[in-house]
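Notes for the one structure printed next.
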Amino acid sequence: MPVRAAPGAWSQNLMGRPLPQGAAPDSTSAVSSPSDPATAGNDAGAPTAPATGGEGEPHSRHREARLGSTDKELKSGAAAADSVRTAPGTPRQRGEVMDAAGGSRNTLPRPCHVLVLLNPRGGKGKALQLFRSHVQPLLAQADVSFTLMLTERRNHARELVRAEDLRRWDALVVMSGDGLIHEVVNGLMERPDWETAIQKPLCSLPAGSGNAVAASLNYYAGYEQVTKEDLLTNCTQLLCRRLLAPMDLLSLQTACGQRLFSVLSLAWGFIADVDLESEKFRRLGEMRFTLGACLRLVALRTYRGSLAYLPAETLASRRGPSPARAPQDPADTHVVPLEQPVPPHWTVVPEQDFVLVLALLHSHLASDLFTAPMGRCSAGAMHLFYVRAGVSRAMLLRLFLAMEKGRHMECHCPHLVYVPVVAFRLEPKDGKGVFTVDGELLISEAVQGQVLPNYFWMVSGYREPPPSLKPQPSPRRKSQQTPPPSERP
């Protein structure tokens with residue numbers, strides 16, 4: 001049964017300061033004792049991790065000056081930022097997000113109050129201890145007050161944000177793995193006021209197993225690739241700096257009519273199997289994926305299906321970028337109903353056996369898997385990778401090991417294909433394999449998706465948003481495997 005903390009004890013024990021005036025505590029101002037049987041076996045009672053020295057310093061040497069300059073800009077421009085920010089209780093309009101794509105500065109207010117959604121059993125089960133030892137001291141220094149809510153079960157965060165009065169918070173902070181961010185975004189998109197709700201800034205603090213979104217934001221900010229507590233400290237520093245950037249969202253449709261949204265990836269085949277089958281090793285943290293990959297390599301499978309996609313280069317050559325406008329609904333303008341053939345300007349990969357297919361919005365697939373070293377895609381595009389059947393176990397292992405440093409494209413594997421795309425359709429043919437969306441299970445059936453550009457805010461050190469698609473050829477890199485002529489439109 002959940003244990004609720006009294007409001008007075010809350011402000012002293014967890015926040016170290018009273019709630020902001022007018023922010024009356026309610027059910028979101030409580031600590032719950034999770035009792036989700038689906039997550040049993042995690043070390044929720046692990047000892048508190050000790051605080052590291054130098055918590056106020058970013059884990060980067062050669063780019064520290066660049067990130068440090070953000071603080072100076074925020075101090076000098078704090079008054080200007082407050083003057084353009086909407087009044088308390090007034091939600092932002094989508095036009096402001098699109099203005100960000102044009103280069104305007106967008107920051108959280110100073111001081112600010114955030115809602116922290118924390119999964120206490122994510123990863124190794126030490127998220128709450130890490131929050132107290134690594135996050136809370138930095139937030140206190142940066143004048144960021146917070147209310148902490150512990151999730152109790154799967155989809156609990158989804159339910160919370162679907163019903164929460166978002167005007168009480170300047171941002172929603174998600175401390176767990178990528179699955180909890182997935183829940184939050186889909187909960188926001190399920191609200192009647194979804195178009196306003198999705199504008200509430202989000203922040204990712206890594207405390208799960210994969211932490212790919214946090215690792216990608218760490219990379220965009222210019223930090224060196226780090227994991228565990230170092231990555232958590234870096235991402236907390238980004239929250240303290242308050243800089244916001246627009247992020248793309250992947251809109252997905254399935255054959256059964258389900259509509260959902262992804263903040264990171266859709267995987268089918270090898271990667272999805274490893275993600276799900278390694279759940280039993282969750283207490284190993286990030287090592288669960290390495291162990292799971294080795295086990296799946298021993299019993300390597302292939303998956304029959306067909307794949308089609310709209311290359312970003314094709315879209316850019318057909319027309320220039322459209323003016324940013326507020327859509328009436330999250331419309332998928334590049335796809336047709338699944339029962340219809342794909343448009344003629346799409347690229348169609350003939351039906352065949354695959355080892356894996358991966359659609360990826362960001363640079364990392366896990367905190368130590370630098371999957372897209374070719375750089376951040378233009379706004380409205382994503383990375384598409386697929387590996388054909390016939391690849392040897394030795395080559396697949398080599399690709400996996402090289403991915404830690406982003407060197408896998410240099411292996412020149414003839415079975416690996418990479419292309420930036422705007423939309424795709426994937427149809428399994430033999431019923432084998434499963435899909436994962438941001439690490440969460442999705443039934444194996446025909447699915448298609450397209451990128452919604454600059455659709456929501458995230459706390460990020462990335463100072464400029466990615467460029468929009470423009471009608472110009474993309475440079476070819478020797479290390480990138482491109483589709484063979486038979487698969488080009």
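For the condition part of a loop (DSSP other than H, G, I, E, B), on the phi < 0 side of the Ramachandran plot and in contact with a helix residue (DSSP H, G or I) (Cβ under 6 Å, 6 or more places away or on another chain), Arg154 qualifies.
Every test in (1) under 26 Å from Gln258 (Cβ atoms); (2) touching a residue at least 40 places away in the same chain (Cβ under 8 Å) is passed by Tyr418 save one, and that test is (1).
Out of Arg153, Arg158, I need the residue that is modelled with pLDDT of 95 or more, closer than 25 Å to Leu276 by Cα and surrounded by fewer than 22 Cβ atoms within 10 Å (Cβ to Cβ). Which one?
Unique residue meeting the criteria: Arg158.
Within the stretch 414-431, the set of residues being within 21 Å of Arg398 (Cα to Cα) and either over 25 Å from the mean Cα position of the chain (by Cα) or among the charged types (D, E, K, R) (or both) comprises Pro414, His415. Evaluating Cys203 against the criteria (1) outside any helix (DSSP H, G or I); (2) more than 28 Å from Arg259 (Cβ to Cβ) leaves one unmet condition, (2). In the stretch 400-411, the qualifying residues are those that are of a type in the set (A, V, I, L, M, F, W, C) and touching a Leu at 6+ places or on another chain (Cβ under 7 Å), and the one that is farthest from Ala372 (Cα to Cα) is Cys411. For Tyr219, the test of being touching a residue at least 40 places away in the same chain (Cβ under 8 Å), part of a helix (DSSP H, G or I) and surrounded by 20 or more Cβ atoms within 10 Å (Cβ to Cβ) is passed.
Take the conditions (1) more than 26 Å from Glu229 (Cα to Cα); (2) over 21 Å from the mean Cα position of the chain (by Cα); Met374 misses just one of them, which is (2). Screening the stretch 343-370 for residues that are modelled with pLDDT of 95 or more and among the β-branched types (Val, Ile, Thr) and picking the one that is nearest to Ser209 (Cα to Cα) gives Val357.
Consider the stretch 222-262 and keep the residues that are of a type in the set (D, E, K, R) and on the phi > 0 side of the Ramachandran plot. The one that is modelled with the lowest pLDDT is Lys228. For the stretch 222-239, residues that are more than 27 Å from Leu358 (Cα to Cα) and surrounded by fewer than 21 Cβ atoms within 10 Å (Cβ to Cβ) total 2. In the stretch 340-453, counting only strands (runs of 3 or more DSSP E) that sit wholly within it, the ones holding 1 or more residues that are of a type in the set (Gly, Ala, Ser) span 347-360, 416-428.
Residues that are within 25 Å of Ser444 (Cβ to Cβ) and either surrounded by 20 or more Cβ atoms within 10 Å (Cβ to Cβ) or touching a Ser or Thr at 6+ places or on another chain (Cβ under 6 Å) (or both) within the stretch 401-417 comprise Met403, Leu416, Val417, listed in sequence order. In a residue-by-residue description of the stretch 250-261, the property of being under 19 Å from Thr333 (Cβ atoms), touching a residue at least 60 places away in the same chain (Cβ under 8 Å) and of a type in the set (Val, Ile, Thr) applies to at least one position. Summed over the stretch 174-190, residues that are outside any helix (DSSP H, G or I), out of contact with any Phe, Trp or Tyr (no Cβ under 7 Å at 6 or more places or on another chain) and buried (at least 22 other Cβ atoms within 10 Å of the Cβ) total 3. In the stretch 110-137, the residues that are touching a residue at least 12 places away in the same chain (Cβ under 8 Å) and at positive phi reach residues that are hydroxyl-bearing (Ser, Thr, Tyr) and crowded, with 24+ Cβ neighbours inside 10 Å with C-beta atoms within less than 9 angstrom, at least six apart or across chains, in these pairs: Gly123/Ser176; Gly123/Ser209. Pairs meeting the criteria (first residue in the stretch 385-397 and within 21 Å of Leu369 (Cβ to Cβ), second residue charged (D, E, K, R), beta carbons under 7 Å, at least 6 apart or on different chains) are lacking. With respect to (1) surrounded by fewer than 19 Cβ atoms within 10 Å (Cβ to Cβ); (2) under 22 Å from the mean Cα position of the chain (by Cα); (3) at pLDDT 95 or above, the lone exception for Leu138 is condition (2). The residue that is surrounded by the fewest Cβ atoms within 10 Å (Cβ to Cβ), counting only those in the stretch 368-384 that are free of Cβ contacts under 8 Å to residues at least 60 places away in the same chain and over 18 Å from Phe270 (Cα atoms), is Gly375. Scanning the stretch 123-177 for residues that are touching a Lys or Arg at 6+ places or on another chain (Cβ under 8 Å) and not aliphatic (A, V, I, L, M) returns Gly123, Lys124, Gly125, Asp143, Ser145, Arg162, Trp169. For Glu164, state whether it is closer than 20 Å to Leu128 by Cβ and of a type in the set (D, E, K, R). Against the criterion (closer than 20 Å to Leu128 by Cβ and of a type in the set (D, E, K, R)), Glu164 does not qualify.
The values are calculated or read from the model by the stated rules, or taken from the named source; none is laboratory data. This one's a predicted model, so the numbers in the text were calculated from it and none came from an experiment. Methodologically, a virtual Cβ is constructed for each residue, glycine included, from the backbone with ideal geometry; neighbour enumeration extends over all protein chains shown.
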